[in-house]
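*Asks:* Below is a structure I'd like to ask you about.
The values are calculated or read from the model by the stated rules, or taken from the named source; none is laboratory data. Since we're looking at a predicted model, the values are computed, not measured. Glycine gets a Cβ as well: all are built from the backbone with ideal geometry, and neighbour counts include every protein chain shown.
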Amino acid sequence: MGSINAVTGNVEYRTDAEELVQRRQDANRFNYETFVKDKENGRVPKQNLGMEDFLTLLTKQLAYQDPLAPMEDKEFIAQMAQFSSLKQMDAMTQGITRLGTDFSRIADLLSGSEAASALGRSVELIDGETTVQGVVRAVTRGVNPQIMVNGTYYSWAQVTKVFEE
């Protein structure tokens, strides 16, 4: 039941001992099921919270708030702003990841194209401690294109110079 604090004038909500014991038992049961039981089954709790976790926490906070002292508008707006920022950062992270993948594909295509353009030209490449020179007679396609010089295949990444014929 709520009562008014004579000093501050705020409504205070107090929990009786029985309800407090019940809440502690509920929390202990939740912690056991979440952390101990899950680890025994091979599940590990996640270390970072996502948007779904944030929404769950926010709805629980709203559902279990003190009815005589509800959450202030400023707090609610601040939490919604945090949620919005989290959502935008997540979208930006996904975009950057896709962009990185696209750049990687473009680099692979350029590398293969560059190797193919060396067909019939003289090249110089490094094979360990040895410098090899010769004419490119064949080119393979793929992520790591290879060129045939002097009857041996080398990775395109080993080429240091391409000469005009």
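*Asks:* Hey, among the residues in segment 146-165 that are touching a helix residue (DSSP H, G or I) at 6+ places or on another chain (Cβ under 9 Å) and part of a helix (DSSP H, G or I), which one's surrounded by the most Cβ atoms within 10 Å (Cβ to Cβ)?
*Replies:* Here the answer is W156.
*Asks:* When you go through V143, V132, V123 one by one, which is the residue that is under 20 Å from S104 (Cα atoms) and either part of a loop (DSSP other than H, G, I, E, B) or in contact with a strand residue (DSSP E or B) (Cβ under 6 Å, 6 or more places away or on another chain) (or both)?
*Replies:* Checking each option against the conditions leaves just V143.
Residue-wise test of (1) of a type in the set (A, V, I, L, M); (2) at pLDDT 65 or above; (3) assigned to a strand (DSSP E or B); (4) exposed (fewer than 10 other Cβ atoms within 10 Å of the Cβ).
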site	(1), (2), (3), (4)
S3	no, no, yes, no
A6	yes, no, no, yes
E12	no, no, yes, no
L20	yes, yes, no, no
R23	no, yes, no, no
D26	no, yes, no, no
N31	no, yes, no, no
D38	no, no, no, no
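*Asks:* Going through segment 112-146 one residue at a time, which ones are closer than 13 Å to Q158 by Cα and within 28 Å of the chain's Cα centre (by Cα)?
*Replies:* N144
*Asks:* Would you say S104 is under 30 Å from R141 (Cα atoms), under 24 Å from the mean Cα position of the chain (by Cα) and in a helix (DSSP H, G or I)?
*Replies:* Judged against the criteria, S104 is a match.
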